[in-house]
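**Student:** After the structure tokens below, expect a handful of questions from me.
Just so it is clear, none of the values below were taken in a lab; they were calculated from the coordinates. Keep in mind it's a predicted model, so treat the numbers as computed, not measured.
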Amino acid sequence: MASFSFAFAVLAWFAFLHCSVSATGNNTTSIPFQIMPLGASVTFGVGSTTGDSYRKDLEDLLVANGNTVKYVGTYSNGNFTDNAVEATPGFVISQIAGLANTAVSLDFSRKRLVP
């Protein structure tokens, strides 16, 4: 659980630093928040009846508050349209770190993440 919290905090901080956010907390740019859900089983959706894990709820909350959101990742899982994810069930922290280095490099080269 601590690794999930850390990964989520890093992603949230990245989004905060690299997006124009108004006083109400809304994304005021024409570029959507691009979130890479990175992790293992829980992030992928294992144990969820829909495969959504926390990703669908997070997207719904952000959109309900006026934000434009797009998930990025090389895999898809879940019962919702924007279900990209970068997670592999069964991976441990060291494997997730390796996955992160590869996935983030790919997304920077595809210009899906802005440094």
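**Student:** Over all distinct Cα pairs, what is the inverse of the mean 1/r for the stretch 33-115, reported as the Kirkwood hydrodynamic radius in Å? Kindly include the intermediate steps, with their values, before the conclusion.
**Tutor:** Values: mean 1/r = 0.0769 Å⁻¹.
About 13.0 Å, per the Kirkwood formula over Cα pairs.
**Student:** Same structure, new question: ³J(HN,Hα) across the stretch 52-68 via Karplus (A = 6.51, B = -1.76, C = 1.60, θ = phi - 60°), whole Hz, x for Gly/Pro?
**Tutor:** Computed from phi, the couplings for the stretch 52-68 are 7, 6, 7, 5, 5, 4, 4, 4, 4, 5, 5, 5, 4, 9, x, 9, 9 Hz.
**Student:** Calculate one ³J(HN,Hα) per residue across the stretch 31-46 by plugging θ = phi - 60° into the Karplus curve 6.51 cos²θ - 1.76 cosθ + 1.60, and present them in order as whole Hz with x for glycine and proline.
**Tutor:** For the stretch 31-46, the Karplus-derived couplings read 8, x, 4, 10, 10, 9, x, 10, x, 10, 4, 5, 5, 5, x, 5 Hz, x marking Gly and Pro.
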